[in-house]
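Q: Supplied in structure tokens, the structure appears directly below.
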Amino acid sequence: MQQTAQPVTKEPVIQVDGVKKQYTLGQIGGGTLTADLQSWWARLRGKEDPNLPLGTDTRLFGRTFMALNGIDLTVYKGEALGIIGRNGAGKSTLLKLLSRITAPSEGEIRIKGRIASMLEVGTGFNQEMTGRENIYMNGAILGMSKAEVDSKLEQIIAFSECADFIDTPVKRYSSGMFVKLAFAVAAHLDSEIMIMDEVLAVGDMKFQEKCLNKMGDVAGQEGRTVLYVSHNMSTIRQLCTRCIVLDKGRVLYDGDVETAIAIYMDTTDVNVVDYDLTDTSRLVPSAGFRLFVERLRFLDKQSSVFAAGEPVRVEIRWRVSHYLDAVNLKLFIHFRDSSPVGITHPITLGSAEPGRVYTTVFTLDTSVLGPGQYFFRLDVFEREISNAICLDMPGQDFAFEITSADRTLPIWLPYWGHIHFPPLVVEDNQHEPLEG
């Protein structure tokens, strides 16, 4: 039975009734009238479509996918609502509907107040305009006058930490600078509702903490409403007063944050051993262009469940668009509640050149891990003199599970942590006779 948490106030600002969103799979249009006519004429004669990329699976054409399948939701003024769920559950689709980027196929959405949304890096920004010009443009979109934006301008620039680049076209910004300025704009301009997707993952840790504190102030002190999507359960705990779990386009749970997190973690699928990453989004805007990871799979197993100490063998298939001198790889490992466990030591895969498909097999040592479910994310990068440049980082959590084993501990308590330390080495254990 669906439970509902007590609202912060009784004043609803978002009302979602029976909302469905259906997409048609396959290519919809060729981009121009000429291309559409060529495609239509080829299909009419039973010929191959001249405008389709090689290898396109036309069997998907005409099939539909229900991204949201009957969503009922009420959000109240001053709430900080977390939205969690597995990849493909419908989280981003729901936010796009609420942001009026797209319309529902069925149902009704009623919103009271202006919305500032930040769904992906660069949303609502003109690449040719400077940071300052984009601030004014976003203010105008929200219906603010120039004088109103002027009163907020210095706060926005200071918060974004981009003062030195504020008069530079944003197309020259790094992804981190983009996120900082975009969040500063969304948080400081006059909007009653803030909608945040997991774009904060691009920023540095210090700025992420700064953003979370600001969102907490927005909801708690300023009385504005925040909708926040994240796979990081620690940030959900820190920010949200209520949480919903989406699964296959439906609301699986609506209520207490801790209960929602527990339900979400129980939906983790450790039976997936083969991931096709060709249509997977990337966590960094520049990722996937010079190097692209097409596939990842666990070897030697029918499921990604491993005995304690059993090595995890993984194979990835990748290609490059031009010559790279040194390709490097590391993993970010999280426990199932998204608390960080560690980062593997980087390994070098060597050079790579276009026109070839590379297959890399690596082994993850799990001997130090306690029992439980884990995720890892893949980071393929190249090194420069003083930093690392991301080549590819698929937006996919790869789940695996470690089963329990006798480690001579009487009881393994989860709150002790996720790492099994080796026994202490006793170097000296002498004794002396008692005096007297």
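The values are calculated or read from the model by the stated rules, or taken from the named source; none is laboratory data. Everything numeric here is computed off the predicted structure, so don't read it as measured data. Because the Cβ atoms are built from the backbone with ideal geometry, glycine has one as well, and the counts that use them run over all protein chains shown. Side chains are part of the model used for accessible areas, which takes the heavy atoms of the whole protein and leaves out ligands, DNA and RNA. Shrake-Rupley method; radii C 1.70, N 1.55, O 1.52, S 1.80 Å.
Q: Within the range 245-262, can one find any residue that is small (Gly, Ala, Ser), modelled with pLDDT under 90, under 22 Å from GLY70 (Cβ atoms) and not in a loop (DSSP other than H, G, I, E, B)? Break it down into steps so the answer makes sense when it comes.
A: Filtering the range 245-262 down to residues small (Gly, Ala, Ser) leaves 249, 255, 260, 262.
Narrowing the set further to residues that are modelled with pLDDT under 90 leaves 249, 260, 262.
Keeping just the survivors that are under 22 Å from GLY70 (Cβ atoms) gives 249, 260.
Of the ones still in play, those that are also not in a loop (DSSP other than H, G, I, E, B) are 260.
Checked against the condition, which is being small (Gly, Ala, Ser), modelled with pLDDT under 90, under 22 Å from GLY70 (Cβ atoms) and not in a loop (DSSP other than H, G, I, E, B), the range 245-262 yields at least one hit.
Q: Give the range 373-394 a look and list any residue that's open to solvent by less than 20 Å² (accessible area, probe 1.4 Å) and of a type outside the set (Ser, Thr, Tyr), or say none.
A: Residues satisfying the conditions are PHE376, LEU378, ASP379, VAL380, PHE381, LEU391, ASP392, PRO394.
Q: Please verify whether GLY342 is outside any loop (DSSP other than H, G, I, E, B), closer than 30 Å to VAL257 by Cβ and more than 18 Å from the chain's Cα centre (by Cα), treating the condition exactly as stated.
A: Answer is yes for this residue.
Q: Restricting the search to the range 245-274, which residues are open to solvent by 40 Å² or more (accessible area, probe 1.4 Å), closer than 21 Å to PRO394 by Cβ and not β-branched (Val, Ile, Thr)?
A: ASP269, ASN271, ASP274
Q: What single numbered condition from (1) at pLDDT below 75; (2) small (Gly, Ala, Ser); (3) touching a Gly at 6+ places or on another chain (Cβ under 6 Å) fails to hold for GLY29?
A: So GLY29 meets the others, but not (3).
Q: While we're here: Tally up the residues in the range 275-324 that are at pLDDT 90 or above, open to solvent by 70 Å² or more (accessible area, probe 1.4 Å) and either in contact with a Gly (Cβ under 9 Å, 6 or more places away or on another chain) or part of a strand (DSSP E or B) (or both), please.
A: So the answer is 5.
Q: Restricting to the range 190-244, give me the number of residues that are of a type in the set (Val, Ile, Thr), open to solvent by 30 Å² or more (accessible area, probe 1.4 Å) and at pLDDT 80 or above. Steps first, please.
A: Quick first cut of the range 190-244, residues of a type in the set (Val, Ile, Thr) only: 193, 195, 199, 202, 218, 225-226, 229, 235-236, 241, 244.
Among the residues that remain, those that are also open to solvent by 30 Å² or more (accessible area, probe 1.4 Å) are: 202, 241.
Subsequent filtering for residues that are at pLDDT 80 or above retains 241.
Going through the range 190-244 one residue at a time, the tally reaches 1.
Q: Residues to consider are ARG114, ARG59; find the one that is at pLDDT 75 or above, of a type in the set (D, E, K, R) and either within 30 Å of MET177 (Cα to Cα) or over 27 Å from the mean Cα position of the chain (by Cα) (or both).
A: None of the other options fit; the residue is ARG114.
Q: Could you tell me which residue of the range 390-416 is modelled with the highest pLDDT, considering only residues that are β-branched (Val, Ile, Thr) and under 19 Å from PHE375 (Cβ atoms)? Break it down stepwise before answering.
A: Step one: of the range 390-416, the residues β-branched (Val, Ile, Thr) are 402-403, 408, 411.
Next, only the ones that are under 19 Å from PHE375 (Cβ atoms) stay: 402-403.
Working: ILE402: 85, THR403: 79.
Among those that are β-branched (Val, Ile, Thr) and under 19 Å from PHE375 (Cβ atoms), it is ILE402.
Q: Would you list the helices (runs of 4 or more DSSP H) that sit entirely within the range 81-189 and hold 3 or more residues that are at negative phi, open to solvent by less than 20 Å² (accessible area, probe 1.4 Å) and β-branched (Val, Ile, Thr)?
A: The qualifying helices (runs of 4 or more DSSP H) are 146-160.
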